[in-house]
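In what follows, a structure is listed as structure tokens, so that the remarks can point back to it.
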């Protein structure tokens, strides 16, 4: 199957629109959608493995995740990687890692685990693939989001920020890139 950037960009727009739609529905409908977030080592929290990226704790949280998510998903769509495969792999692997190794008994919500996964994926994939354009993307992402990546995975107690979600997302993104991308087989459009 041929790589179609336009199709993947449409997918990016739909994905972000769904995140915003879920948030708007959560604000107008009774009940609390965030109850469907990820709770580590809880059977109820298992649904959060896939729902967590679509749930946000407020407008600031949603807006703060939207801009980097759009930038990183567009970079992924513009790469040779298959966005429709990579994103679910990062979400599920990062969610499972967080469910198994997450700290505390709080409910984790937000797309930041995916964002950290995309940062790690684009950096690792760029260096593994070795093409000039992939290396430029890796350096750009590292320069733009590197400090965020390092600061966001450090343990913070009582901050309300899911540093462990960031860490497990980054680990997932790096592992997905490690498996999916090699210099000979860029992982990618199958």
Name every residue in the stretch 1-36 that is within 19 Å of residue 112 (Cα to Cα) and free of Cβ contacts under 8 Å to residues at least 40 places away in the same chain, in order of residue number. 13, 14, 17, 18, 21, 22, 23, 24, 26, 33, 36
Report those helices (runs of 4 or more DSSP H) wholly inside the stretch 37-144 carrying at least 1 residues which are surrounded by 23 or more Cβ atoms within 10 Å (Cβ to Cβ), touching a residue at least 40 places away in the same chain (Cβ under 8 Å) and under 11 Å from the mean Cα position of the chain (by Cα). 59-78, 83-101, 112-129
If you check residue 34 against the conditions, is it in a helix (DSSP H, G or I) and within 13 Å of the chain's Cα centre (by Cα)? no
Number of positions in the stretch 145-161 that are farther than 26 Å from residue 44 by Cβ and surrounded by fewer than 17 Cβ atoms within 10 Å (Cβ to Cβ): 6
Name the single residue, out of those in the stretch 145-158 being assigned to a loop (DSSP other than H, G, I, E, B) and touching a helix residue (DSSP H, G or I) at 6+ places or on another chain (Cβ under 8 Å), that is modelled with the lowest pLDDT. 156
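The values are calculated or read from the model by the stated rules, or taken from the named source; none is laboratory data. What you are looking at is a predicted structure, and each value in this text was computed from that prediction instead of being measured. All Cβ positions, even for glycine, are placed from backbone atoms using ideal geometry, and neighbour counts span all protein chains on display.
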